[in-house]
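One structure is given below, encoded as structure tokens.
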Amino acid sequence: MTQRKFIFHYKNVRWARGRHETYLCFVVKRRTGPDSLSFDFGHLRNRTGCHVELLFLRYLGALCPGLCGSSVDGARMCYSVTWFCSWSPCSKCAQQLAHFLSQTPNLRLRIFVSRLYFCDEEDSLEREGLRHLKRAGVQISVMTYKDYFYCWQTFVARRERRFKAWDGLQQNSVRLVRKLNRILQPCETEDLRDVFALLGL
């Protein structure tokens, strides 16, 4: 990815005008034995008619052989996938991801997002989608300086240029972390209600 594209699309500004594409940088870790681990990485962007999260699922078969079945020796391969997304998933993508993950218990997904997609309204479907992902076992976090630095080093054609934080990166990360925590908090409250109901309280 070019430096200009990375900075434009991943900049965690409050008002992200003109950023109609979603970029997804990914790392796939595959455990091939008790002491061996292999990696694949790359980046994608959404295409007409297909959000980038679902596009990634299309490529997953090639990236993760044996994901849905067994490997040659009959053992199930375990995969850990990390995404660095310019936007958080929309509600429809969140539902489809959660369903996919329920079918693939040997896949663990972590998502780091630069910005939250349409999460300003308290009752937005996008907020519920993020809660749905959390209930499905997905770890969702907001990108911080160290995540941007890692992406710069790993995915950007940087030509020896060092990553330089833009004005407001830290403040916007803190604001978005707080917002995401407020969004995901009801999930924990609902879980407690279920526990109390089971206990008859």
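The values are calculated or read from the model by the stated rules, or taken from the named source; none is laboratory data. All figures in this text were calculated on a predicted structure; none of them were measured in a lab. Note: ideal-geometry Cβ built from the backbone for every residue, glycine included; neighbour counts use all protein chains shown. Just the protein is used for accessible areas: all its heavy atoms, side chains included, with ligands, DNA and RNA removed. Shrake-Rupley method; radii C 1.70, N 1.55, O 1.52, S 1.80 Å.
Solvent-accessible surface (1.4 Å probe) assigned to PHE8 amounts to roughly 80 Å². Since only ILE183, GLY168, CYS119 are under comparison, the one whose Cα sits farthest along the positive direction of the charge dipole of region 3-199, derived from C-beta charges on Lys, Arg, Asp and Glu, is GLY168.
Short-range pairs are left out: with C-alpha atoms under 8 Å and at least six residues apart, the relative contact order of the chain is 21 percent.
Where only protein heavy atoms count, and the probe is 1.4 Å, what is the accessible area per residue for the chain in Å²?
Here the per-residue accessible area is 59 Å².
Across the accessible surface of the chain, with the other protein chains kept in place and a 1.4 Å probe, carbon and sulfur atoms take up 53 percent. Projected label points at ARG14 and PHE100, each 7 Å from Cα along the beta carbon direction, are separated by 3.4 nanometres. Only DSSP H runs of four or more residues enter the estimate; each adds -39500 (n - 2.57), and after division by the residues of the chain the mean residue ellipticity at 222 nm equals -14000 deg cm²/dmol. Placing a label point 7 Å from the Cα of LYS179 along the Cα-to-Cβ direction, the residues of region 1-40 whose backbone N falls under 19 Å of that point are 7-24. Less than 28 Å apart at the alpha-carbon level, and either on another chain or at least 8 residues along: which lysines does that give for LYS5? Filter leaves LYS29, LYS92, LYS146, LYS164, LYS179. Surface calculation, 1.4 Å probe, protein heavy atoms: LYS92 sits at approximately 140 Å² accessible. Our estimate of slack between CYS68 and LYS164, defined as 0.36 nm per intervening residue step minus the Cα-Cα distance, is 30.5 nm. Only Cα pairs under 8 Å and 6+ residues apart enter the sum, and on that basis the relative contact order of region 6-47 stands at 35 percent. Relative to its Kirkwood radius, the Cα radius of gyration of region 3-199 gives an Rg/Rh of 0.98.
In a shell of Cβ-Cβ distance under 13 Å around ALA98, excluding ALA98 itself, what net charge do Lys and Arg (+1) and Asp and Glu (-1) give?
+2
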